[in-house]
Every structure is written in structure tokens, then in C-alpha cells.
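First up is the structure itself, then whatever we jot down about it.
The values are calculated or read from the model by the stated rules, or taken from the named source; none is laboratory data. Treat the numbers as computed from the prediction; the structure is a model and nothing was measured. Every residue, glycine among them, receives a Cβ derived from its backbone with ideal geometry; neighbour counts consider all protein chains shown.
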Amino acid sequence: MRDEVTALLKSEVARMIELPEESIDDSVHLAELGMDSLQALQLLVLIERTYQLEIGEEELQCFTSINAIAEVVLSRMAVAS
Amino acid sequence: MSAASVVSVASSAVTETLGFEQVRSILSHRFPFLMIDRVTDIQPGKRLVALKHITGNELCFLGHFPDRAIFPGVLILEAMAQSVSLLDSLSREPGSPPAKFLGNATAQFVAPVVPGDSLQIETLLVKQMQRGVIGSVHVNVQGKRVARGEITLGTGESI
């Protein structure tokens, strides 16, 4: 599941910040790549819709890297299941 | 919600509306860029229905187009964004900064809008957070869909 979540996140982040997926390191801080808070909000809603999850605003501060976001998503999935 | 007034009660639901002056007291936009004339339904945190009447005197018709007046899609999009901003403002705690800066928009325009049309703009709140809001918007004229989209607005605060 982690691989699927990571692949989705990388694909969406790459689309949002207009960089090739292969150039995005899963551990790099997304703000350094130019991702802003509104893009993070859009990504959060995409995750909620895709995985039928509810993610609170307080978790946006954890949206620092693809790995970090994947952790949030997987932990939310674990709680929901 | 202090700007809203209760004007009608249908079944058990209370319908609240905003007139033009109340809309103007919430949005910071002004002529020729204030695109909401009236709000006919407000459910804070959920839904808002707004009206925008199109007249032949709209400034944009000077150039769009000189030989056939068609209300520009970009201005419909602006009306949609202002509707999202209104719902955002009416759903926030008093004093918190409203979301009014366009961050992202996806939209489809499926029928022309011309003088005499009234846009009924229905906005559903998708997600609201401190720094921004996402709204899903459908625009109808006399019950027929003319546009739809999803709009992200920010408050202007940095990440």
C-alpha cells in the first residue's frame, strides 16, 4: 500500500509543481521544490477523495515531503480500518 | 452571519439571504469587478447560492464581442470565485482573514451567457482551512447548466 500511496503522491506533486516525477526525491522538503500551502490543501483534498479519509488541518504541517505525507495517509488508513 | 437577514421560512428550513449592500460589505471587490448581486441561500460551512444578473450595459460587452455580446467565461469564473469567497467568509470565525486570492481553478463552460441572463451560482464547500478554501461551483441559467468548476482560494498568508 505504501508504494501505491507514494506513487500517487509523487504523480500529483510532480503535476502541481511541474517537475518530472523522476526528479523528485521522496524525502526532499516540498516547499524547497516550490510547493505552496494552497497546493498542499489541494493535495489533501485529493487524498481524502481517493482514499475516503478525513484529514484535519493540523496534519497539513506534516505535509513536508512525499514520505512524510505517505506516513500521514497510511496512519489515517490504519485508524479508519 | 450578522450581515444575513432571515427573510423566509420554508418547511423547517430557515433561508437566509444577502442583498447587494450586504454582499459589498463582505467582499472587497468593487465596480466593475463585483460579480455577485444577491445571495439567495446560505448554509454556513456547507452551501451558498448567489445571483449575478447580466445586462447589456456590462463594461465587458464593449469588446466581447462588438458584433455579438457574450459574457466572458473568465468573468463567470470570477463570479464563481467570489461566490466561494463569500461562503468562506460566512463560514469563518469573525475576524479571521477571508480567502480571496485565486490559487487554482478548473472549470468548464458549456453554454453561452448573454445579456438578460441571470446566473444562479451554487457553491458547495469542499474543504476550508485557515490558509484557504476549496469550493465546488455549478452555474445555471433558468435551470440549464452553463458552467461548473472547482476553485481554490487562499487568504494570502505564506506557507
**Message:** On the basis of being among the polar types (S, T, N, Q), surrounded by fewer than 18 Cβ atoms within 10 Å (Cβ to Cβ) and at pLDDT 95 or above, does B:Gln108 make the cut?
**Reply:** yes
**Item:** Restricting region B:140-156 to residues that are within 13 Å of another protein chain (Cβ to nearest Cβ) and either in a strand (DSSP E or B) or among the aromatic types (Phe, Trp, Tyr) (or both), the residue that is surrounded by the fewest Cβ atoms within 10 Å (Cβ to Cβ)
**Value:** B:Glu150
**In region A:1-36, the residues that are among the basic types (Lys, Arg) and either free of Cβ contacts under 8 Å to residues at least 24 places away in the same chain or under 20 Å from B:Gly103 (Cβ atoms) (or both)** = A:Arg15
**Request:** Mind telling me which of the residues B:Val137, B:Val84, B:Val126 ends up being assigned to a strand (DSSP E or B), closer than 16 Å to B:Ile42 by Cα, aliphatic (A, V, I, L, M) and within 13 Å of the chain's Cα centre (by Cα)?
**Result:** B:Val137
**Request:** Could you please let me know if A:Ala78 is more than 28 Å from B:Gly135 (Cβ to Cβ), small (Gly, Ala, Ser) and part of a helix (DSSP H, G or I)?
**Result:** yes
**Item:** Residues within region A:56-74 that are in contact (Cβ under 8 Å) with a residue 12 or more places away in the chain and either more than 9 Å from every other protein chain (Cβ to nearest Cβ) or closer than 15 Å to A:Ser11 by Cβ (or both), tallied
**Value:** 11
**Request:** Determine if region A:42-52 includes at least one residue that is more than 12 Å from the chain's Cα centre (by Cα), within 16 Å of A:Glu12 (Cβ to Cβ), within 10 Å of another protein chain (Cβ to nearest Cβ) and outside any loop (DSSP other than H, G, I, E, B).
**Result:** yes
